[in-house]
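Trainee: This is the structure, below, for whatever I ask next.
The values are calculated or read from the model by the stated rules, or taken from the named source; none is laboratory data. What you see is a predicted model; the values in this text were computed from it and never measured. Every residue, glycine as well, gets a Cβ built from its backbone with ideal geometry; the counts of neighbours run over all protein chains shown.
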Amino acid sequence: MISEILIPNLGATGGAVILEEWRAAPGDYVTAGTPIFVVTTDKATVEVEAYTNGYLRRTFAAPGDELHPGDVVGLLSDTSEEPLDGAGVEHAAGGRHTPSTPQAQGTGPSTHQEPAAKDRILASPLARRMAAEAGIDLKQVTGSGRRGEILRQDIVQAMAAQALAPAEQPSAGPDRRGLRLPVSGMRRSIAERTRLSKSQIPHFYASRTIDMEAARSFLESAARYAQKAGWQPPTITDLILRATALALRDHPQVNARYEAEAIQFHTEINIGLVVGLEEGLIIPVIRRADEMNLFALAALTTRLKAGARQGILRASDLSGATFTLSNLGMYGLDSFIAVINPPEAGVLAVGAVQQAPAVWEGQIVPRWQMEAVLSVDHRIVDGVVAARFLADLKERLEDPVGLAFEPPVEVE
Amino acid sequence: MTARPMTMAEALRDALRLAMQADPSVFVLGEDIGISGGFGGGFTVTLGLSDEFGHDRVMDTPISETAIIGAAVGAAMAGMRSVAEMQYGDFVFCGMDQVVNQAAKIHYMSGGQYAVPLVLRLPVGASRRGAQHAGSTEAYFMHTPGLKVVCPSNPYDAKGLLLASIWDGNPVVFLEHKLLYGGKGGRKEKTSIDPVMEVPEGIYQVPLGSLAVRRTGRDITILANMLMVHRAMEAAGRLEQAGISAEVIDVRCLNPLDWEALKESVAKTNRALIVEEDNLTGGWGAEVAARLSEEMFFYLDAPVRRVAAPDTPAPCSPALEEAYVPGVDAIVAAAKEVLVIE
Amino acid sequence: MEAIPRELALEMYRGMARIRRFEDQLYSLFLQGLVPGTLHQYQGQEAIAVGVCAALRRDDFIFSTHRPVGHAIAKGVPLRAIAAELWGKRTGCAGGKGGQMHLVDASVGMPPSNAIVGANIPIATGAALAFKLQGLDRVVVCFFGDGAANTGAFHEGLNLAAVKDAPAVFVCENNQYAASTHTSLAMKIEDISLRAAAYGIPGETLDGMDVRAVHHAASRAVERARSGGGPTLLECKTYRFMGHSRGDPGGYRTREDVQSWRAKDPLPRFREILAGEFGVEEEALAALEASIDGEVSDAIEYAQESPFPEVENVYAHVYAPPGGPP
């Protein structure tokens, strides 16, 4: 009889573990209760024991592979010779068979395998382009081609269906009891992204309370100024955007991406701004946010939010984010913890700007305050970095005049 | 300008006659083209010209393709505009050096000091005479920088393009499909299409580097040249009945080729089917398909397909030739395949 | 032999010396690795180029081969333009587009020389026919070697020229070797001029090392062509002192063979005649030679210092601009 060797749930944040080494080699006989392999979580190194006796016949992961609870990493069999019949091949988590003796290696091969052939979507170049432009997920489209390829007419149909969809969407109300709601493209996308994020990225959280007194009066001045000039008045979100952008400049590790063997620091600071919609949320991207001044940001976010609500944003508006900002303050939340949007390194969640008791110069006084919670990818950003980032952000928001200043430009 | 019905042979003859009348530097050379009481070349195109212009300007030559083409090159460099005829297009290979190494390269090698205003007329296409009298040949010349390649499908284009070619100032390989010559004024080919149409009687030019849209459509662009244009038009008619709207483009000039017009059509229909009588591998269809995939990739809803002769020499038996030369059925079937029907 | 004027004699010597000096200098520079590309040298054959071209007008055409330097110099292409072309420079006679084997100069009647052996023969026939058709009294000379005399193009070209009475002179420079193949291995006959009879045209074999003999024969043939008498085949027996191309060490020729032909070198031979028969003083000859040294050095310096063509030039001249009806 064949038994699978699985990664157990070790309570690691986000679930992912790294295989450190095998304690047995294919061909060895293992007894229940003895360690068979070793993994590291974000917190500790854990020896995993075999839960049954048997011969270790095959391994599907090598040291350095990133694995998740439930992944099959090997096969045990009662006897040393019985045929495996391809058992467990589909479970190859790291995409690797290691028929030879596994050695403890510092560097493992890249973990993420290519999707199997049957996952590949066949679509004509024209159909792909149209789908990208219309924001249609090809996985949702049925192809009418001979081999199931998606063709232009299929995208046209999908676009027509999408146009009809909102009218069919049931509105919020007590009538939803017992309703079976088909999952739309947006909902499915959110579901997929958040699931992926939580399973792949080891989240770490840090929070600060930010005094917003100065920011509030600063914004009043900015609004008066804007009105006189005929510009869009900046909102709290715009202010936070600017502060975040500048803070990211000084703390580039929070504006980076984790790749298999490297941390890739981004060349631009593109901040995604979460916009809530009736059916879910959408995240338009403010590109090169650090190069835009407060009023430019105000104009842009106004446009993007309107575009998001009207559903007219283009693919280019929705891609390329290196960090995300989510402001649920308008819904009254004191604070919340956001899910990182992969492949970014962090997301900043801010709550309502509201009056709360604060200690100010030895007295307890009501002060306008805001809770900021930073979620970061612990693979890249450690506690200290997160703390420094938040301190920087707090400083900028508490002395907001600095956010209106531009750096000096060399005059020839 | 008045017009009268002409076959393609008559139209070509008219072009030569008018050109020689208008321009004393134009002269014609080839085998059996001017012999008094003779047949006016392999396909009657030069019939009667020597009576009007004499045997110096309508020059009969020995069977010497190298010398015919070489002399045409030399004469073109020394002040004449040469129009050389190969009795059958396949014979051009006897003088290929003069076409590819000489005519095509002289302007370039001389840094622009000498030009070669030369038209090389080649009767092409399978016509039940066997493998050495059937070649389509355009691929060799489209591939050679320095040459231009023209291949009309009807009398109007033939006359206008020949006149344009004579005065183009460059070596032009001018392909004339045997089955399109028509009957009047001489021998007629078996199975020829014999298109006759109103052709203006004076001098006019059809510019080199132009395509002609023979039929507009929405669903698929069919590109064809010479005889295949006629087959494609018939196929388009049948496709219409099957609910498919085909656009047929007459690629009457392969070099220079109006890529913009071609791309515009494919941008509209998103599908392309090329029909050529040439052998499949390395034919002009291959070049068009490559370019479309490079430049129109994101407009294609289907792979670019080609219907061509198989990669074999041309067979002679009528039964085999029918299978060899792409027919209307093959074109219809290919178009339907491209459209994922059947 | 008919007398030739003293001026003509000096001019012909000057022409031969120019070719010899230029080619010798190029050889030396090539050995030093300073010449890009290959060379097909003309030393030993000068009497033919010079003797023939001295019988031509500026507007007569010459068609040459892969070994064109001698013909180009003799026809009047400036030394500077030739040298610059060999160096691939913008100032070369073909703008750098032709190279050593494709020398050209429309202003002196030299279409681009031809590197396909024999291919220039039918082209020359065509040009001659064109002159005839246009009622011009210009003639065409086509130079080629013994190797070309065996090509189909030779046969077709001469036959067509003959049957149409083309005003052409076909000059075969029989230097005994086509690359490394001796003529005795390539044909059964000894004298290529015999083949003229096959086309029904006059043919002559002459001493290609004697510039006067060449000139006289060429003058007669040119006159015949110009007056409508049709083409002639002149075979000039000569020798190539250098290898076929610069990459050729010439191991297929014996030392004695080379030496015996060197003894017939047209330059010292004619120099003696100038000094003796024409009474030209030694100082004059030395001065002439010195001035040629200067011309050649100047041309080479010019070539080396000239700029290369711009890269965009790759795309130039593929097609000529169109020309409408008259």
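Trainee: Could you tell me whether the range B:99-108 includes any residue that is at pLDDT 95 or above, farther than 22 Å from B:Phe27 by Cα, within 13 Å of chain C (Cβ to nearest Cβ) and assigned to a helix (DSSP H, G or I)?
Mentor: Checked the range B:99-108: at least one residue is at pLDDT 95 or above, farther than 22 Å from B:Phe27 by Cα, within 13 Å of chain C (Cβ to nearest Cβ) and assigned to a helix (DSSP H, G or I).
Trainee: List the pairs whose first member sits in the range B:119-145 and is over 23 Å from B:Pro315 (Cα atoms), whose second member is charged (D, E, K, R) and surrounded by fewer than 24 Cβ atoms within 10 Å (Cβ to Cβ), and whose Cβ atoms are under 7 Å apart, counting only residues at least 6 apart or on separate chains?
Mentor: Between residues of the range B:119-145 that are over 23 Å from B:Pro315 (Cα atoms) and residues that are charged (D, E, K, R) and surrounded by fewer than 24 Cβ atoms within 10 Å (Cβ to Cβ), the close pairs are B:Met142/B:Glu287.
Trainee: Answer yes or no: is there a residue in the range B:114-132 that is at pLDDT below 95 and part of a helix (DSSP H, G or I).
Mentor: Looking through the range B:114-132, at least one residue is at pLDDT below 95 and part of a helix (DSSP H, G or I).
Trainee: Would you say B:Gly112 is at positive phi and touching a residue at least 40 places away in the same chain (Cβ under 8 Å)?
Mentor: no
Trainee: Let me ask something additional. Of the conditions (1) in contact with a strand residue (DSSP E or B) (Cβ under 7 Å, 6 or more places away or on another chain); (2) more than 19 Å from C:Ala221 (Cα to Cα), C:Asp24 clears all except one; give me its number.
Mentor: Result: C:Asp24 passes all but (1).
Trainee: Name the single residue that is modelled with the lowest pLDDT among those in the range A:272-318 being β-branched (Val, Ile, Thr) and under 28 Å from A:Arg128 (Cβ atoms).
Mentor: A:Ile312
Trainee: Given the residues C:Glu173, C:Glu204, which is the only one that is touching a strand residue (DSSP E or B) at 6+ places or on another chain (Cβ under 6 Å), in contact (Cβ under 8 Å) with a residue 12 or more places away in the chain and surrounded by fewer than 20 Cβ atoms within 10 Å (Cβ to Cβ)?
Mentor: Within the list C:Glu173, C:Glu204, the selection yields C:Glu204.
Trainee: Let me ask something else. Going through B:Ala290, B:Ala319, B:Ala333, B:Ala308 one at a time, which residue ends up being surrounded by 15 or more Cβ atoms within 10 Å (Cβ to Cβ) and either part of a helix (DSSP H, G or I) or touching a Gly at 6+ places or on another chain (Cβ under 9 Å) (or both)?
Mentor: B:Ala308
Trainee: Could you check, for the range A:286-298, whether at least one of its residues is assigned to a helix (DSSP H, G or I) and more than 23 Å from A:Ala222 (Cα to Cα)?
Mentor: So far as the range A:286-298 goes, no, none of its residues is assigned to a helix (DSSP H, G or I) and more than 23 Å from A:Ala222 (Cα to Cα).
Trainee: Here's another thing I want to ask about it. How many residues does the range B:322-341 hold that are within 22 Å of A:Gly143 (Cα to Cα) and either modelled with pLDDT under 95 or charged (D, E, K, R) (or both)?
Mentor: The qualifying residues number 6.
Trainee: Which ones in the range B:74-98 are away from chain C (no Cβ under 13 Å) and among the small types (Gly, Ala, Ser)?
Mentor: Across the range B:74-98, the qualifying residue is only B:Gly89.
Trainee: Out of (1) in a strand (DSSP E or B); (2) at pLDDT 80 or above; (3) surrounded by fewer than 20 Cβ atoms within 10 Å (Cβ to Cβ), the odd one out for A:Val73 is which?
Mentor: The failed condition is (3).
Trainee: When B:Asp56 is evaluated against the numbered criteria (1) within 11 Å of chain C (Cβ to nearest Cβ); (2) among the charged types (D, E, K, R); (3) touching a residue at least 60 places away in the same chain (Cβ under 8 Å), which criterion, by number, is the only one it fails?
Mentor: Among (1) within 11 Å of chain C (Cβ to nearest Cβ); (2) among the charged types (D, E, K, R); (3) touching a residue at least 60 places away in the same chain (Cβ under 8 Å), B:Asp56 violates only (3).
Trainee: Is the range B:287-299 home to any residue that is more than 14 Å from every other protein chain (Cβ to nearest Cβ) and either within 17 Å of the chain's Cα centre (by Cα) or closer than 22 Å to B:Asn154 by Cβ (or both)?
Mentor: Yes - at least one qualifying residue is present in the range B:287-299.
Trainee: With the range C:122-206 as the region, which helices (runs of 4 or more DSSP H) entirely inside it contain at least 3 residues that are within 14 Å of chain B (Cβ to nearest Cβ)?
Mentor: C:152-163
Trainee: Turning to a different aspect of this structure: Return the residues of the range B:118-149 that are over 17 Å from the mean Cα position of the chain (by Cα) and more than 7 Å from every other protein chain (Cβ to nearest Cβ); say none if nothing qualifies.
Mentor: Within the range B:118-149, B:Arg128, B:Arg129, B:Gly130, B:Ala131, B:Gln132 qualify.
Trainee: From the residues in the range C:181-201 that are buried (at least 17 other Cβ atoms within 10 Å of the Cβ) and not β-branched (Val, Ile, Thr), which one is farthest from the chain's Cα centre (by Cα)?
Mentor: My answer is C:Tyr199.
Trainee: Follow-up question, since we're still on this one. So, of the residues in the range B:231-270 that are small (Gly, Ala, Ser) and in a helix (DSSP H, G or I), which turns out to be surrounded by the most Cβ atoms within 10 Å (Cβ to Cβ)?
Mentor: Among residues in the range B:231-270 that are small (Gly, Ala, Ser) and in a helix (DSSP H, G or I), the one surrounded by the most Cβ atoms within 10 Å (Cβ to Cβ) is B:Ala232.
Trainee: Filter the range B:160-181 for residues that are more than 21 Å from B:Ala76 (Cβ to Cβ) and more than 14 Å from chain C (Cβ to nearest Cβ) and give the result.
Mentor: Hits for the range B:160-181 are B:His177, B:Lys178, B:Leu179, B:Leu180, B:Tyr181.
Trainee: Any residue in the range C:279-297 that is within 13 Å of C:Arg14 (Cα to Cα) sitting within a Cβ distance under 9 Å of a residue that is among the β-branched types (Val, Ile, Thr)? List the pairs, counting only those 6 or more apart or interchain.
Mentor: Note: pairs meeting the criteria are C:Leu288/C:Val280.
Trainee: Then there is this: Hey, can you tell me all the residues within the range A:1-31 that are among the small types (Gly, Ala, Ser), at pLDDT 75 or above and in a loop (DSSP other than H, G, I, E, B)?
Mentor: Across the range A:1-31, the qualifying residues are A:Ala16, A:Ala24, A:Ala25, A:Gly27.
Listed here are the residues, each with its yes/no results for (1) modelled with pLDDT under 95; (2) touching a helix residue (DSSP H, G or I) at 6+ places or on another chain (Cβ under 9 Å); (3) more than 14 Å from chain B (Cβ to nearest Cβ).
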position	(1), (2), (3)
C:Arg224	no, no, yes
C:Gly230	no, yes, yes
C:Glu235	no, yes, yes
C:Asp248	yes, no, yes
C:Glu272	no, no, yes
C:Leu288	no, yes, yes
C:Ile292	no, yes, yes
C:Val296	no, yes, yes
C:Tyr302	no, yes, yes
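Trainee: Within the range C:55-66, can one find any residue that is within 11 Å of another protein chain (Cβ to nearest Cβ), over 17 Å from the mean Cα position of the chain (by Cα) and not basic (Lys, Arg)?
Mentor: no
Trainee: Going residue by residue through the range C:318-326, is there one that turns out to be within 14 Å of another protein chain (Cβ to nearest Cβ), of a type in the set (Phe, Trp, Tyr), loosely packed, with under 13 Cβ neighbours inside 10 Å and free of Cβ contacts under 8 Å to residues at least 24 places away in the same chain?
Mentor: No, the conditions are met nowhere in the range C:318-326.
Trainee: Looking at the range C:307-315, is at least one residue within 14 Å of chain B (Cβ to nearest Cβ), over 20 Å from the mean Cα position of the chain (by Cα), at pLDDT 90 or above and crowded, with 16+ Cβ neighbours inside 10 Å?
Mentor: Within the range C:307-315, one or more residues are within 14 Å of chain B (Cβ to nearest Cβ), over 20 Å from the mean Cα position of the chain (by Cα), at pLDDT 90 or above and crowded, with 16+ Cβ neighbours inside 10 Å.
For (1) in contact with a Ser or Thr (Cβ under 7 Å, 6 or more places away or on another chain); (2) not small (Gly, Ala, Ser), each residue gets a yes or a no:
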position: B:Met20; (1), (2): no, yes
position: B:Leu29; (1), (2): yes, yes
position: B:Asp32; (1), (2): no, yes
position: B:Gly54; (1), (2): no, no
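Trainee: Within the range C:86-121, take every residue that is among the β-branched types (Val, Ile, Thr) and within 9 Å of chain B (Cβ to nearest Cβ) and give me the one that is surrounded by the most Cβ atoms within 10 Å (Cβ to Cβ).
Mentor: For the range C:86-121, the residue satisfying everything is C:Ile121.
Trainee: Tell me, which strands (runs of 3 or more DSSP E) wholly within the range A:330-412 include 3 or more residues that are in the same structural domain as A:Thr244 (by TED's automatic domain parsing) and over 18 Å from A:Ala245 (Cα atoms)?
Mentor: A:354-360, A:363-377
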